[in-house]
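The values are calculated or read from the model by the stated rules, or taken from the named source; none is laboratory data. Computed from a prediction, not measured in an experiment: that's the story for all the values here. When we count neighbours, we look across all protein chains shown, and the Cβ atoms used for this are built from the backbone with ideal geometry, even at glycine.
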Amino acid sequence: MNLQKIKHAGLITIPSLFTMGNIGCGFFSIMASINGQYSKAGWLIFIAMLLDAFDGRVARMLNAESSFGVEMDSLADLISFCTAPAFLTYYIALQYNAFGAQIAFLFVLFGAIRLARFNAMAHAGKSSKIYFTGLPVPAAAAVLVSFALSYNIFAFDANGKIMPFMQSYLPHIHSAISFITIGLGFLMVSNVPYAAFKGKKENKDNRRKMTLTKLAAIAIIIALLFKYPQDVVFIVFGLYALIGLIVFIFKAFKNIGKKDF
């Protein structure tokens, strides 16, 4: 019996190592932003995202899920996907705004609220595998970080890999980054549903069609990632944030129209 407990404790430690790596990436990303190493700071956050994607999967694969791991994961996300992106965005763009520090803080605060609400819903059994309530914290972080990397390349490296059409839009995005940061913060704490991509289709034919579509989309995205990594991430997650909001508004107006009649 004691051996089984020791074995289970050892298994729980394995996914926690990924979470610890996530925390480490977030911490050193903050340090890099403070020291003006913006590219390093951004890529460290992306590495943290990869580690975050693996810890839960490894835990489920080893049957080593625990409440400790869930809480640890949220604390890691607060550092790597709330605080670190806020620091990076502040030093890249927000420091030139009179309220830049306050805007960066709001992003961290809304991210913390989003994570706390997610945990509370999970503990109460109210979470869904089909959609997230509010923009997921890693998605909001990905928008800010990918913009920061693109703008840093645009500003300091004339030979950097930037999509031609993005070059003309980046200065405008830089000018609007305060509103984008606030908007992402509000989307995180909103009730807007965002696809979780976890639900399983009942119909086998539909499942095959969806699988083929996903594989084709993934192949295109991967091909573009090799040439324009930060631009692709910005576009994909930016569209994810916008489409969820647009669908939510459309459904709200559609329901209002039905009530009127």
### Query
Do we find a residue being closer than 27 Å to LYS251 by Cβ, in a helix (DSSP H, G or I) and out of contact with any strand residue (DSSP E or B) (no Cβ under 9 Å at 6 or more places or on another chain) anywhere in the range 156-174?
no
### Query
Is there any pair linking a residue in the range 217-243 that is farther than 14 Å from PHE147 by Cβ to one that is of a type in the set (Val, Ile, Thr) and part of a helix (DSSP H, G or I), with Cβ under 8 Å and at least six apart or on different chains, and which?
ILE221/VAL232; ILE221/VAL236; LEU224/VAL232; LEU225/VAL232; LEU225/VAL233
### Message
Conditions first: (1) closer than 26 Å to LYS227 by Cβ; (2) modelled with pLDDT of 90 or more; (3) more than 20 Å from the chain's Cα centre (by Cα). LEU88 passes all but one, so which condition is the exception?
### Response
(3)
### Task
Considering (1) among the β-branched types (Val, Ile, Thr); (2) buried (at least 18 other Cβ atoms within 10 Å of the Cβ); (3) within 21 Å of PHE154 (Cα to Cα), say which one ILE34 fails and leave the rest.
(2)
### Task
Take ASN63 and decide whether it is outside any helix (DSSP H, G or I) and either at pLDDT below 75 or surrounded by 16 or more Cβ atoms within 10 Å (Cβ to Cβ) (or both).
yes
### Task
Considering every residue within the range 250-258, establish whether at least one is assigned to a helix (DSSP H, G or I) and surrounded by 12 or more Cβ atoms within 10 Å (Cβ to Cβ).
no
### Query
From the list ALA116, ALA93, which one is at pLDDT below 95, in contact with a His (Cβ under 9 Å, 6 or more places away or on another chain), closer than 29 Å to LEU149 by Cα and of a type in the set (A, V, I, L, M, F, W, C)?
ALA93
### Task
Pick out the one residue from ILE177, ILE153, ILE173, ILE130 that is closer than 20 Å to TYR194 by Cβ and either surrounded by 21 or more Cβ atoms within 10 Å (Cβ to Cβ) or in contact (Cβ under 8 Å) with a residue 12 or more places away in the chain (or both).
ILE130
